[in-house]
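> The following block contains the structure, expressed as structure tokens.
The values are calculated or read from the model by the stated rules, or taken from the named source; none is laboratory data. Here the structure is a predicted model, which means the values were calculated and not measured. So basically every Cβ, Gly included, is an ideal-geometry build from the backbone, and we count neighbours across all protein chains shown. Quick note on the areas: whole protein, heavy atoms, side chains included, nothing else; ligands and nucleic acids left out. Shrake-Rupley method; radii C 1.70, N 1.55, O 1.52, S 1.80 Å.
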Amino acid sequence: MPPTLNPTDLSSLRPRLDEVGQGHVLAFWDQLSELQRAALAEQIRSIDLGGLTRLIDEHVRAKPGAGAAGPAADIRPAPFFSRDGRGYDRAAMAAKGAELIRAGKVAAFTVAGGQGSRLGYDGPKGCFVAGAITGKPLFAFLAEWILAAQRRHCTGGAVIPWYIMTSPINHAATVDFFRKHAFFGLREHDVMFFQQGVMPSLEMGTGRMLLNQKGEIALNPDGHGGSLRALKASGALDDLESRGVEHLSYTQIDNPLVRVIDPLFIGLHAFGPGSSGQMSSKMVPKAHAGEKVGVFCTVNGRTSVIEYSDLPAELSAAKNPDGSLKFLAGSIAVHVIGVKFIRSLTSGAGAGGGALPWHRAEKKVPFVDLKTGQRVEPSSNNAVKLEAFVFDAIPLAESSIVLETDRIEEFAPIKNASAPGVADSPDTCTVIQTHRAARWLEGAGCRIPYNAAGEPDCVIELSPLRACEAGDLKTGETPKAIPAGARVAM
Ligand code: UTP
């Protein structure tokens with residue numbers, strides 16, 4: 001049993017920390033106020049130091065190899081339902097999904113606890129502007145989709161509740177933002193926020209916990225895979241069950257084109273041939289062999305996502321006789337997850353109370369230099385964050401289906417700051433939004449201006465309240481033509 005830590009008694013703290021090689025976190029103890037000491041001691045108490053030491057040995061001092069698959073695994077491309085509806089009845093599946101939504105059995109679930117360090121935005125990523133013309137934040141795009149889906153499907157009075165996972169680092173700022181924006185037109189009662197867990201950020205190579213301040217250990221959220229455990233621990237799972245929700249439509253916060261509630265996908269997940277209704281996924285065909293996205297495979301017969309860095313190069317590059325990639329199905333981190341499945345994974349009988357395997361992510365983490373006491377903003381990766389990934393729950397399902405979709409229709413994530421040649425940035429997101437809107441408008445008979453390079457010569461931002469899919473633009477007021485150089489929000 002680790003000794004009880006008493007903030008006023010350093011003798012109980014020091015030996016335990018020294019024993020696990022983390023004594024340096026007390027380096028500035030003498031300079032701390034009583035309040036700061038109590039807070040630091042509380043932080044230390046909340047960390048499972050024994051468990052952490054094991055994780056540091058496995059993931060920080062050593063770099064784990066072959067990832068989820070393991071060297072001797074039988075890896076094959078995962079089958080998927082094609083976008084054109086080959087082999088299944090799209091209309092029937094969409095109708096079944098719509099019926100579940102209408103009956104109040106579907107909730108939206110957004111993971112928004114990440115730190116957005118690649119984007120370099122100092123705030124919850126959901127507050128970041130994704131509407132090039134309106135200046136609308138990411139949260140607004142998702143909220144408007146939910147409102148639109150509610151109006152369309154919930155004619156009997158049901159609602160689509162929205163569960164939003166934050167982290168202790170961005171929770172208060174997220175809730176404040178929603179209050180400031182009057183919950184984007186949704187009922188406050190139907191938007192639930194809950195916090196995920198955290199892990200100490202660890203110095204690369206040594207595995208020592210970094211200090212964010214002299215009296216504060218640097219913490220990072222425990223990955224989107226922490227969501228299953230957090231759903232249970234926060235009481236959100238109980239809330240879902242008491243509302244009669246059966247399926248969670250899981251999306252990330254960084255993609256303003258995401259189909260937050262998609263009847264076809266929900267129908268296939270719940271009723272599609274070969275689906276257990278436990279956890280389903282969407283994919284887009286990879287743009288090229290080296291694209292840095294996880295790939296849907298079967299590993300020893302079970303549907304899984306293998307990270308791009310873990311998929312052997314010869315498999316990434318393998319081609320079918322027609323020249324297409326064999327391992328084609330790139331993950332876009334969109335899932336539907338059964339509430340019963342989450343309950344079973346997070347109950348005693350499940351995988352460690354919903355704990356999924358840890359992955360190592362190398363990141364830049366500001367820290368206090370132990371020698372100088374100065375806070376340092378590193379210019380290159382200096383830390384390992386331990387994170388769990390939600391897709392590691394897929395192989396735990398009895399069976400799991402994958403649905404193909406079209407990149408331009410629903411995938412324009414904002415991950416990186418805009419710069420020439422950089423993908424997944426605010427700039428590339430605006431371009432994809434314009435491409436999709438142009439495609440839909442043309443389908444509704446509107447003329448779009450193109451430049452010499454064949455790119456739309458305009459910027460168009462489309463609210464989900466106006467159109468969630470192409471056909472929606474065929475009703476209501478749609479312009480006959482967009483002038484060259486125009487910036488249009490509709
Ligand atoms: P990313 O993997 O893009 O991470 O998250 P990130 O933290 O947003 O950005 P970087 O890597 O620091 O640049 C994908 C989705 O998962 C959520 C994010 O908010 C985003 O919606 N996420 C990620 C969490 O909710 N919690 C986490 O611990 C990590």
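> How would you classify the stretch 364-436 from its alpha-carbon gyration tensor, with a ≥ b ≥ c the square roots of the eigenvalues: rounded for a/c under 1.5, else prolate if a/b is greater than b/c, otherwise oblate?
oblate
> Sort 357-367, 181-191, 161-171 by packing, meaning the average of other beta carbons within 10 Å per residue, with the highest value first.
By packing density, highest mean first, the sequence is 161-171, 357-367, 181-191.
> Counting DSSP beta bridges in the chain, what percent are antiparallel, to the nearest 5?
Taking every DSSP beta bridge with both residues in the chain, the antiparallel ones total about 65 percent.
> Now for a separate question. Set Lys and Arg Cβ to +1 and Asp and Glu Cβ to -1, take the dipole of the chain about its Cα centre, and tell me which of Gly373, Ser275, Ile342 lies farthest positive.
Farthest towards the positive pole: Ser275.
> Can you tell me how the stretch 399-487 classifies by the Cα gyration tensor, rounded, prolate or oblate, using a/c under 1.5 as the rounded cut?
Note, shape of the stretch 399-487 comes out oblate.
> Would you please state the base-10 log of I(q)/I(0) at q = 0.07 1/Å for the chain, with intensities from the Debye formula using one equal scatterer on every alpha carbon?
Evaluating at q = 0.07 Å⁻¹ gives log10 I(q)/I(0) of -0.40.
> What dipole magnitude, in Debye to the nearest 20, does the chain give about its Cα centre under +1 on Lys/Arg Cβ and -1 on Asp/Glu Cβ?
Working: 51 positive and 51 negative charges, 102 e Å.
Roughly 480 debye for the chain.
> What list of ³J(HN,Hα) values in whole Hz, one per residue of the stretch 278-287 in order, does the Karplus curve 6.51 cos²θ - 1.76 cosθ + 1.60 (θ = phi - 60°) give from phi, with Gly and Pro shown as x?
With coefficients 6.51, -1.76 and 1.60, one gets 9, 7, 10, 9, 10, 9, 10, x, 4, 5 Hz.
> Using amide H atoms built 1.01 Å from N in the peptide plane, name the residues 5+ places from Gln196, or on other chains, whose amide H lies under 5 Å from its own.
Result for Gln196 returns Thr166, Ser167.
> Now for a different question. Looking at the square roots a ≥ b ≥ c of the eigenvalues of the Cα gyration tensor of the stretch 178-309, which shape do they give, rounded for a/c under 1.5, prolate if a/b is larger than b/c, or oblate?
Verdict is oblate for the stretch 178-309.
> Compute the separation of the alpha-carbon centres of the stretch 397-439 and the stretch 218-258 and state it in Å as a whole number.
22 Å
> Only Lys, Arg, Asp and Glu count, each charged at its Cβ (+1, +1, -1, -1), so figure out the dipole size of the stretch 228-274 about its Cα centre, rounded to 20 debye.
Charge dipole of the stretch 228-274: 80 debye, to the nearest 20.
> Mind giving me the FRET efficiency for Asp122 and Asp89? R0 is 35 Å, r the Cβ-Cβ distance, nearest 0.05 is fine.
Efficiency for this residue pair is about 0.15.
> Which FRET efficiency value, to the nearest 0.05, do you get for Ala39 and Ser379 by plugging their Cβ-Cβ distance into 1/(1 + (r/R0)^6) with R0 = 22 Å? Intermediate values should be presented prior to the final figure.
Values: r = 29 Å, r/R0 = 1.33.
Calculated transfer efficiency: 0.15.
> Given the stretch 121-225, what percent of its DSSP beta bridges are antiparallel, to the nearest 5?
The antiparallel proportion sits near 60 percent.
> Normalised by the number of residues in the chain, what is the relative contact order in percent for Cα pairs under 8 Å and 6+ residues apart? Mind dumping the intermediate values first?
Working: 978 pairs, mean separation 90.9, N = 490.
About 19 percent, as a whole number.
> Please list, in chain and number order, the residues 5+ apart from Phe81 or on another chain whose amide H is under 5 Å from its amide H, with Hs placed from the backbone.
HN-HN under 5 Å from Phe81: Val402, Leu403, Glu404.
> Another question about this same structure. For Asp310, list long-range residues whose amide hydrogen, built 1.01 Å from N in the peptide plane, is under 5 Å from its own amide hydrogen.
HN-HN under 5 Å from Asp310: empty list.
> Quick one: order Glu455, Glu34 from most to least accessible surface, probe 1.4 Å.
Glu34, Glu455
> Right, next: Would you mind getting the accessible area per residue of the chain, heavy atoms of the protein chains only, 1.4 Å probe, in Å²?
Details: 21220 Å² over 490 residues.
Value for the chain: 43 Å² per residue.
> Another one. Put +1 on the Cβ of every Lys and Arg and -1 on every Asp and Glu Cβ in the stretch 400-490; which of Ile448, Ala423, Pro413 then has its Cα farthest towards the positive end of the dipole?
Ile448
> Turning to a different aspect of this structure: Could you tell me which helices of the chain pass both thresholds, a Cα extent of 20 Å or more along their own axis and a mean Kyte-Doolittle hydropathy of at least 0.5, with helices taken as whole DSSP H runs? Before the final figure, lay out the partial values.
Numbers: long enough: 138-153 (23 Å, 0.54); 426-443 (26 Å, -0.51).
Helices meeting the criterion: 138-153.
> Moving on. Per-residue ellipticity at 222 nm for the chain, helices alone: DSSP H runs ≥ 4 residues times -39500 (n - 2.57), over residue total, nearest 500 deg cm²/dmol?
After summing the helix terms and dividing by residue count, I get -7500 deg cm²/dmol.
> Another one. Please report, as a whole percent, how much of the solvent-accessible surface of the chain comes from carbon and sulfur atoms (probe radius 1.4 Å).
Roughly 52 percent, rounded to a whole number.
> OK, next. When all protein chains stay in place, what accessible area (Å², nearest 10, 1.4 Å probe) is found for Trp145?
Per-residue accessible area (Trp145): approximately 10 Å².
> Hey, what do the phi angles of the stretch 72-79 turn into as Karplus ³J(HN,Hα) couplings, whole Hz, using 6.51/-1.76/1.60 and θ = phi - 60°, x for Gly and Pro?
Values per residue, Gly and Pro as x: 9, 5, 8, 9, 10, x, 6, x Hz.
> Sticking with this one: Evaluate the charge dipole of the stretch 397-437 about its Cα centre and quote only its size in Debye, nearest 20, assuming +1 on the Cβ of each Lys and Arg and -1 on the Cβ of each Asp and Glu. Intermediate values should be presented prior to the final figure.
On the way: 3 positive and 7 negative charges, 44 e Å.
Taking the Cα centre of the stretch 397-437 as origin, the dipole is about 220 debye.
> For the stretch 461-472, what does the Karplus curve 6.51 cos²θ - 1.76 cosθ + 1.60, with θ = phi - 60°, yield as ³J(HN,Hα) per residue in whole Hz, taken in order and with x for Gly and Pro?
In residue order, the calculated couplings are 10, 10, 7, x, 5, 8, 7, 9, 8, 3, x, 5 Hz.
> Restricting the calculation to Cα positions, tell me the Rg (one decimal) and the Dmax (whole number) of the stretch 335-490 in Å.
Computed over the Cα atoms of the stretch 335-490, radius of gyration and Dmax are 22.8, 67 Å.
> Under a cut-off of 18 Å between alpha-carbon atoms, report the lysines in cross-link reach of Lys326, not counting same-chain residues fewer than 8 places apart.
The reachable lysines, counting only those whose Cα sits under 18 Å from Lys326, are Lys282, Lys286, Lys292.
> For the chain, build the charge dipole from Cβ charges (+1 Lys, Arg; -1 Asp, Glu) around the Cα centre, then report which of Ala489, Ile253, Ala27 sits farthest towards its positive end.
Of Ala489, Ile253, Ala27, it is Ala489.
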